[in-house]
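One structure below.
The values are calculated or read from the model by the stated rules, or taken from the named source; none is laboratory data. This structure is a prediction, so every number in the text was calculated from the model and none was measured. Virtual Cβ from ideal backbone geometry, glycine too; neighbours counted across all protein chains shown.
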Amino acid sequence: MLIKKFLVLITTMCVFLVALSFSGVNTHADYTNILPTYTTNNNGTYPTHSWQSSDSNQTDVINHQGGTSTGWDNNTGWSGDPTDTTNSYIKYGTDTSNPDFAIRKYAKETDTPGLYDLYLNVRGNQQQDIKPIDIVLVVDMSGSMNSSVNGGTDRVGAVRRGINDFLTTIQNAGLSNYVNVGVVGFSSPGYVGGRYGPGYVKTDLGSVSDRHKNAINAMLNDDFRGGTFTQQGIHQGAQMLANDTSSNKKMMILLTDGVPTFSYKVETSSNINDTVYGDTFNTQRIDEPGNTSKISWPYRTTSGDLIRDTWAATLGEAKIAKNKGEEIHALGIQLTADGKYLTADQIEQRMKLLASDDSSGNPLYDSAGSATDVTNYLNSQANDVIKNFNTINNGSISDPLGSQFNYNSDTADVKSVGSTPINSDDLPTAKISNGSLNVSNLNLGKGQEVQIHYQERINTESNNFVPDKWYQMNGATTLTPNGDDPSNQVDFGIPSAKAPGTTLTINKVWNMLPNDNNIPDSIDFTVNRGNTTDNDAWTQATGSLSKIQNWTGTFDKLSHNNSNVYLPKFNDHGQDFTYNLSEDNVAGFSPSINQVLNNFTITNNELGLAVQKFDLDGNSLNGSKFTLIKDTDNWQATDSSFTPELINGNDDPIPIKPGYYELKESTAPMGYSLDNSITKFQVTENGQWLDQNGIKISNNILPSNDGFYVNNQNGNDILTYAKHDNIKPFTLKVNKIDKVTNQSVKGAEFQLTNSDTNQTIQPDESGDTATFTFNNLQPGNYVLSETKAPTDYAPLSSGINFSIDNTGKVTIPDGYDSNSELTAGNSNNTISLTVPDTPTSGQLPATGGPGITIILVTGLIIMITTAAGIIFISRRRWEV
């Protein structure tokens with residue numbers, strides 16, 4: 001872990017110093033925003049200077065043109081192939097043929113309706129005005145650096161490889177002329193730089209060429225041995241930077257794995273926060289055996305500070321360098337305790353004091369623990385150094401979602417599409433959250449370009465969506481080219497998209513009852529929308545038709561919660577909506593709806609009520625009347641607002657509205673009984689018929705008994721009450737007369753027998769009377785018999801057979817004076833029958849007519865003739 005941190009610190013030092021040099025010296029340009037323009041009108045909002053795909057299927061998306069500060073490119077169309085990196089870029093920089101960077105944003109339709117691909121392209125370049133940076137690597141070449149790390153590669157090997165990779169990366173990036181690197185290796189006198197050398201070796205600052213890189217590698221291939229003269233290394237590194245009189249950024253990176261075991265003697269000193277810093281030194285060298293920083297014989301400076309170890313001189317040397325404007329980064333490699341003098345933590349605190357502070361006041365110090373990590377870290381830091389020379393440096397993109405759109409997913413793809421590939425580890429990070437796409441860590445140099453791809457869906461299920469209206473797919477989409485200057489932003493062009501709607505054609509047909517044309521001036525209808533995916537999307541909306549419109553209309557919008565809503569063709573997932581009409585409940589009508597695609601015909605069939613009157617044989621009866629009364633809910637009371645209606649039996653139906661009703665016969669047909677019973681029924685708001693028990697009346701066949709059935713006449717549902725009536729009883733009146741005189745004759749007796757039941761019926765009268773009454777005769781067959789004839793009269797030789805059928809027709813044998821009559825009201829129907837009797841004596845009638853004399857004379861003639869015949873027959877017999 002320590003080596004890793006060491007390597008990280010080394011790389012960080014190199015890279016961070018380079019980065020700081022560019023932030024402090026190599027400033028990026030401030031770019032004037034080339035602001036895209038948009039048009040807003042009744043068609044929506046869309047780019048004023050636009051292009052559309054040459055693909056004929058790409059009609060619902062429109063993109064902004066590319067251009068420069070001098071104007072837009074007027075390229076109004078191309079294929080939209082994302083691999084095409086030539087069209088529609090907005091270019092920044094003074095040289096438009098070689099822009100500092102170029103950006104492009106556009107959208108295109110996918111095969112799924114309402115789903116769009118969006119592409120963000122950013123192309124970088126190398127800064128036109130680059131100032132070099134000077135970096136001195138101060139490397140601990142003491143013998144302890146040869147120690148293995150975690151049983152693996154030694155520290156020396158890690159440092160050698162890391163520095164070599166660092167230099168190679170700088171060189172491959174084409175920055176050799178802009179990054180000057182020098183190396184100082186320090187140990188103890190006589191161990192590096194020759195047997196009698198000063199204890200350090202160095203390779204002076206130079207651009208990163210093959211020759212210079214080989215010189216550095218050769219120097220680092222020397223043996224790492226001896227003690228640790230850290231002050232000497234810092235001094236030589238500071239001197240190397242000072243010898244370069246340019247205005248380049250000056251940075252030093254200190255790489256060491258232990259405490260300083262050598263220092264120069266401090267002459268004057270300063271005490272800062274209880275820490276002693278050497279200000280001036282003499283040439284006397286403090287050399288302590290045992291690889292420790294502790295001085296065996298402490299001494300005082302002329303300033304009065306007690307010097308106990310080599311840290312005072314080392315810290316003082318670093319302070320002098322920093323005071324000159326040289327920035328020091330320090331990396332501690334697997335630091336361990338300084339014997340019994342200092343703990344590892346105490347050593348690390350002193351290492352932090354060697355380093356400069358960053359802008360937040362934190363020391364530019366790190367620790368390393370792995371040789372491999374050191375190498376990898378130095379390599380990644382080299383890339384960070386390179387990024388500081390890019391025109392896009394630590395850039396970012398803010399791309400908020402448009403108000404009428406949703407993300408298809410929460411991920412975005414990022415890939416390198418430039419002529420110079422970008423390692424996957426160095427690609428920017430793109431995240432979608434909280435309604436925005438944000439791209440960070442955007443670093444692009446010459447030949448490098450990234451393309452960010454994501455998808456959006458147009459939100460057709462939003463209640464404020466308007467079909468065929470251009471909606472901007474995003475809010476203001478901006479690029480920040482330089483992370484150190486977040487206020488300098490430039491705008492991408494924003495594409496717009498739209499989605500089609502549909503229309504509903506609705507016709508209303510009124511199917512009225514005969515002699516009725518009472519229809520409303522307008523009606524409302526309800527449209528149900530299916531295939532919604534958003535719980536907040538409307539599923540029901542209403543519209544209206546009127547007489548003025550001739551009951552027909554084409555609708556592209558309806559009403560929902562008192563606001564207009566439009567009719568998009570498909571939902572948020574590209575599936576077609578389904579639109580259906582609900583039955584519109586017009587009072588007194590039952591609707592039927594015919595749908596062909598989005599064309600609807602609503603037929604309102606008027607509801608009617610009729611009464612049919614039949615006899616027991618099913619024959620229609622005329623002359624009945626029924627009274628219709630309307631009640632309040634559940635027949636609780638009579639509805640006083642309703643005027644009772646009179647319905648003629650077997651007549652045309654009358655219109656009827658929803659409500660609770662009573663039906664009662666008020667006039668019966670002639671000869672039939674009046675039924676005073678009340679029949680109740682209900683008409684519901686949606687045109688259903690219910691009986692008194694709330695059961696739907698669905699029978700459509702004429703019942704054989706009294707009851708309702710639904711009789712459909714020309715499409716109109718007619719609730720029909722079928723009433724079968726009995727004929728009223730009959731009263732038979734028998735009049736007894738003299739056959740000759742036609743005068744009433746008293747003294748006869750009659751009885752009536754029902755031939756069907758053998759029931760004998762006696763007349764109402766008794767005693768001496770000529771009139772006999774038989775009441776309450778029902779239809780059937782009867783025999784009237786004379787059981788006793790009046791005095792002097794011959795009785796009837798046989799009974800009189802007659803019948804009454806179910807219709808009230810009375811059949812009496814010929815030869816009798818009779819009459820039958822059907823009566824109204826409560827009185828029985830009547831049959832009158834005159835029965836003549838024959839006298840048995842010759843008495844003249846009181847009126848003086850021929851009377852019995854004619855009969856006697858006639859009888860005498862018959863007798864004489866008969867006697868003559870007998871004599872004649874007798875004589876002939878004798879003659880034979």
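See the values below:
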quantity: Entirely in the stretch 707-771, the strands (runs of 3 or more DSSP E) that have 1 or more residues that are in contact (Cβ under 8 Å) with a residue 12 or more places away in the chain and not aliphatic (A, V, I, L, M); calculated: 707-713, 716-725, 730-738, 749-754
quantity: Answer from 640, 592, 582 - the residue that is among the small types (Gly, Ala, Ser) and either buried (at least 18 other Cβ atoms within 10 Å of the Cβ) or over 30 Å from residue 501 (Cα atoms) (or both); calculated: 640
quantity: Candidates 783, 810, filtered to the one that is of a type in the set (A, V, I, L, M) and crowded, with 19+ Cβ neighbours inside 10 Å; calculated: 810
quantity: Number of positions in the stretch 584-636 that are without any contact (Cβ under 8 Å) to a residue 12 or more places away in the chain and under 26 Å from residue 673 (Cβ atoms); calculated: 0
quantity: Residue tally, condition of a type outside the set (A, V, I, L, M), surrounded by 20 or more Cβ atoms within 10 Å (Cβ to Cβ) and touching a strand residue (DSSP E or B) at 6+ places or on another chain (Cβ under 7 Å), over the stretch 61-108; calculated: 16
quantity: Strands (runs of 3 or more DSSP E) enclosed by the stretch 473-537 - at least 2 residues per element that are closer than 30 Å to residue 51 by Cα and over 32 Å from the mean Cα position of the chain (by Cα); calculated: 478-480
quantity: Test: residue 495 is more than 30 Å from residue 610 (Cα to Cα), of a type outside the set (Val, Ile, Thr) and surrounded by fewer than 17 Cβ atoms within 10 Å (Cβ to Cβ); calculated: no
quantity: Total residues in the stretch 772-812, condition more than 21 Å from residue 740 (Cβ to Cβ), of a type outside the set (A, V, I, L, M, F, W, C) and either in a loop (DSSP other than H, G, I, E, B) or touching a helix residue (DSSP H, G or I) at 6+ places or on another chain (Cβ under 8 Å) (or both); calculated: 8
quantity: Those residues of the stretch 542-572 which are farther than 23 Å from residue 114 by Cα and not polar (S, T, N, Q), in sequence order; calculated: 543, 545, 547, 548, 551, 553, 560
quantity: Some residue of the stretch 541-555 being within 18 Å of the chain's Cα centre (by Cα), surrounded by 18 or more Cβ atoms within 10 Å (Cβ to Cβ) and free of Cβ contacts under 8 Å to residues at least 60 places away in the same chain; calculated: yes
quantity: Every residue from the stretch 786-800 that is surrounded by 14 or more Cβ atoms within 10 Å (Cβ to Cβ) and either small (Gly, Ala, Ser) or closer than 19 Å to residue 832 by Cα (or both); calculated: 786, 789, 796, 799, 800
quantity: Residue in the stretch 277-290 that is part of a helix (DSSP H, G or I), surrounded by 14 or more Cβ atoms within 10 Å (Cβ to Cβ) and in contact with a helix residue (DSSP H, G or I) (Cβ under 6 Å, 6 or more places away or on another chain) present; calculated: no
quantity: Residues of the stretch 655-676 that turn out to be within 18 Å of residue 512 (Cα to Cα) and either in contact with a helix residue (DSSP H, G or I) (Cβ under 7 Å, 6 or more places away or on another chain) or outside any strand (DSSP E or B) (or both), as a count; calculated: 3
quantity: Condition met for residue 301 (surrounded by 14 or more Cβ atoms within 10 Å (Cβ to Cβ), among the polar types (S, T, N, Q), out of contact with any Lys or Arg (no Cβ under 6 Å at 6 or more places or on another chain) and closer than 22 Å to residue 201 by Cα); calculated: no
quantity: Any hit, the stretch 162-169, residues being in a loop (DSSP other than H, G, I, E, B), in contact (Cβ under 8 Å) with a residue 60 or more places away in the chain and hydrophobic (A, V, I, L, M, F, W, C); calculated: no
quantity: Enumeration of residues in the stretch 545-603 that are closer than 29 Å to residue 404 by Cα, of a type in the set (Asp, Glu) and assigned to a loop (DSSP other than H, G, I, E, B); calculated: 556, 572
quantity: Qualifying residue in the stretch 663-678 (condition: surrounded by 17 or more Cβ atoms within 10 Å (Cβ to Cβ), at positive phi and over 57 Å from the mean Cα position of the chain (by Cα)); calculated: yes
quantity: Qualifying residue in the stretch 643-654 (condition: without any contact (Cβ under 8 Å) to a residue 60 or more places away in the chain, out of contact with any strand residue (DSSP E or B) (no Cβ under 8 Å at 6 or more places or on another chain), farther than 30 Å from residue 830 by Cα and assigned to a loop (DSSP other than H, G, I, E, B)); calculated: yes
quantity: Strands (runs of 3 or more DSSP E) completely within the stretch 53-136 that count 2 or more residues being under 38 Å from the mean Cα position of the chain (by Cα); calculated: 61-64, 101-109, 115-123
quantity: Condition check for residue 346: exposed (fewer than 13 other Cβ atoms within 10 Å of the Cβ) and either over 60 Å from the mean Cα position of the chain (by Cα) or hydrophobic (A, V, I, L, M, F, W, C) (or both); calculated: no
quantity: Boolean, residue 146 is surrounded by fewer than 18 Cβ atoms within 10 Å (Cβ to Cβ), within 30 Å of residue 228 (Cα to Cα) and in contact with a strand residue (DSSP E or B) (Cβ under 6 Å, 6 or more places away or on another chain); calculated: yes
quantity: Number of positions in the stretch 233-274 that are touching a residue at least 24 places away in the same chain (Cβ under 8 Å), of a type outside the set (S, T, N, Q) and assigned to a loop (DSSP other than H, G, I, E, B); calculated: 5
quantity: Residue within the stretch 233-255 that is modelled with pLDDT under 90, over 60 Å from the mean Cα position of the chain (by Cα) and among the β-branched types (Val, Ile, Thr) present; calculated: yes
quantity: Qualifying residue in the stretch 581-589 (condition: of a type in the set (S, T, N, Q) and at pLDDT below 95); calculated: yes
quantity: Any hit, the stretch 611-619, residues being over 30 Å from residue 808 (Cα atoms) and either assigned by TED's automatic domain parsing to the domain that holds residue 551 or at pLDDT 95 or above (or both); calculated: no
quantity: Among (1) within 24 Å of residue 318 (Cα to Cα); (2) in contact with a Gly (Cβ under 6 Å, 6 or more places away or on another chain), the one test that residue 212 misses; calculated: (1)
quantity: Matching option when the condition is of a type in the set (S, T, N, Q) and either within 22 Å of residue 329 (Cα to Cα) or under 60 Å from the mean Cα position of the chain (by Cα) (or both), among 214, 177, 221; calculated: 177
